[in-house]
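This report concerns only the one structure given below.
The values are calculated or read from the model by the stated rules, or taken from the named source; none is laboratory data. Nothing here was measured: the structure is a model prediction, and the numbers come from that model. In this analysis, Cβ positions are derived from the backbone assuming ideal geometry, glycine residues included, and neighbour counts consider all displayed protein chains. Remember, those area values only see protein heavy atoms, side chains included, never the ligands or the DNA or RNA. Shrake-Rupley method; radii C 1.70, N 1.55, O 1.52, S 1.80 Å.
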Amino acid sequence: MNYLLILPFVMALATTGMIYSLRSTALNRLAPTLTSITIFLTGILLITYSSPYRVFLGGSLRVDPISAWMLVTVGAVGFTATGAGLNSKVSRQYGALLTIFIFAMSLAVEADNIGVMWFAIEATTVATAFLVSQSGTSKSAEAAWKYVVIASSGIAIALLGVVLIFGSSGGTTLSWIGLVGDPQLNKGLLKLGIALTVLGFATKVGLFPMHSWLPDAHSQSPAAVSALMSGVLLSVALYAIIRMRLLSELSTANGEIKGILITMGLISVALASLMMVRQRDIKRLLAYSSMEHMGVMALGVAIGRAAIPAVLIYILAHGLLKASLFVVVGRVVESSGSSDIDQIAKSGGITGTNKYLIVVGLIGLLGLPPFGIFFAEISIAGSAFFNGLGLFISAAFIFTLVAFTSILRAVANLTLNYQRVGNHLSPPLSRDKIVEVERVNAPETYDERPDIKKVATMSSTNNRNSNGLLSNLIIVTSLIGASIFPLFSYGALKTVEIAVNTLTGGAS
């Protein structure tokens with residue numbers, strides 16, 4: 001059954017090859033979805049085995065319960081983003097890049113070799129650079145270049161750390177198992193290597209101070225790309241940091257790595273929450289929300305082994321919620337022609353199925369029960385107080401309350417159809433009333449203004465965009481998965497605790 005480890009590669013290679021050989025529009029859309037389903041099922045099969053880990057290709061690939069959990073997350077979020085977020089206009093290049101992007105993330109979590117993991121994470125940078133600029137606008141091109149420059153700088157720092165870790169073993173191995181079992185490691189080089197690697201991968205997570213690419217890239221990307229980047233790419237980079245955090249417990253770097261993660265995590269939560277206060281762009285609001293949640297997760301990783309299971313639950317629940325929200329918000333932005341919250345509200349707000357999906361998704365994102373984020377945050381807070389980090393987690397949760405109010409305000413604007421007038425919100429206007437007001441105020445320009453005429457047909461447009469039964473079913477399933485599934489995750493994560501308690505899952 002170890003051959004399961006190369007199944008994602010086989011599927012990605014096969015579907016990408018068929019995209020360019022068969023030239024089928026339907027296949028362009030289905031290829032990344034089929035790859036995601038394959039990764040999801042592979043993770044489910046691997047996580048149910050009682051064996052602590054599975055290896056293949058001479059140990060280059062290895063899956064333990066943590067890796068298998070991340071495979072499930074990559075597959076589930078990928079399926080939500082591509083299954084619900086793609087339409088029939090997917091180009092060959094777009095479909096192939098999405099497939100490569102999803103596969104690269106699965107390779108990163110399967111790799112036993114730190115160098116291979118670094119390569120896979122860098123491959124995601126290359127793929128997403130083209131995907132971010134897919135719309136072809138000047139803003140998307142600027143966001144793509146900003147992402148490439150900052151992310152590549154971070155990855156370069158991580159590469160230096162990988163080289164130092166290799167040197168700490170005497171130039172013999174970069175294998176997780178090999179490093180854990182090597183009593184002759186140079187502790188000084190290992191400490192410096194781990195610190196640099198954590199700093200480098202933190203750039204891909206979107207943590208302070210290398211976070212500035214995140215809101216631009218997320219806001220300018222197509223819906224499916226934003227869903228993948230926010231829902232799982234950040235988490236894959238965090239997975240690399242989790243591995244480094246567990247490895248740091250073997251060296252004298254334990255305290256230093258904990259301090260780095262606490263500092264970056266807490267400042268990220270604070271900065272993201274404050275930036276959300278005056279944020280009027282719905283996609284940027286969701287992007288800053290991702291930064292805030294990743295900051296809380298970083299604090300959980302800083303705590304160490306006691307909080308890792310809760311962080312993994314957090315990763316899955318956040319990924320499913322954020323992917324669902326970006327897909328639905330993408331529909332709204334496409335139909336309204338704007339991502340500005342006030343403009344969407346002025347045009348009548350979000351109605352129909354989209355309205356209910358966004359409300360439910362944002363409730364989960366706020367960390368309210370029965371969604372998994374609530375239980376994960378409670379568990380992280382408990383572990384923090386038990387391990388003497390209560391002051392830091394308390395400060396973080398104070399800032400999350402600021403983010404809470406910002407999201408609530410956005411929900412009110414978008415779903416209650418309130419308009420902003422100065423510093424106040426006016427009573428809701430119906431779509432017909434908005435059109436009537438515009439006719440009265442500027443009757444001579446009504447027929448010349450497509451934005452006003454668009455209001456009159458917004459409802460029917462929204463209905464057409466939201467009536468994709470299969471797309472809505474996928475999103476509903478994803479939202480249910482973010483709520484019900486994590487409630488039972490502590491039982492499923494008993495196998496993960498095997499890996500956590502042995503640092504890398506190399507032994508039972």
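Some points to look at:
- In terms of the mean number of neighbouring beta-carbon atoms within 10 Å, the peptides 19-32, 136-149, 310-323, 279-292 order highest first as 310-323, 279-292, 19-32, 136-149.
- Entry comment: accessible area of region 1-137 is 37 Å² per residue, from protein heavy atoms only and a probe of 1.4 Å.
- Rolling a 1.4 Å probe across the protein heavy atoms gives region 213-310 an accessible surface of 19 Å² per residue.
- Above-threshold pairs, the threshold being 28 Å between Cα atoms, out of 89/355; 139/204; 146/191; 146/355; 204/283; 204/355: 146/191; 146/355; 204/355
- Distance from the Cα centroid of region 296-360 to that of region 202-222 is 15 Å (rounded to whole angstrom).
- Dipole magnitude (debye, nearest 20) for region 127-258, charges at Cβ of Lys, Arg, Asp, Glu: 80 debye
- When each of the peptides 351-357, 63-69 is scored by the mean number of other C-beta atoms lying within 10 Å of its residues, the order from highest to lowest reads 63-69, 351-357.
- Across region 39-115, the mean sequence separation of Cα contacts (distance under 8 Å, 6 or more residues apart), normalised by length, yields a relative contact order of 40 percent.
- Modelled label reach - residue 41, point 7 Å along Cα→Cβ, region 58-98 residues with backbone N closer than 15 Å: 72, 75-76, 79
- Solvent exposure of residue 44, expressed as accessible area, is near 60 Å², computed with a probe of 1.4 Å over the protein chains only.
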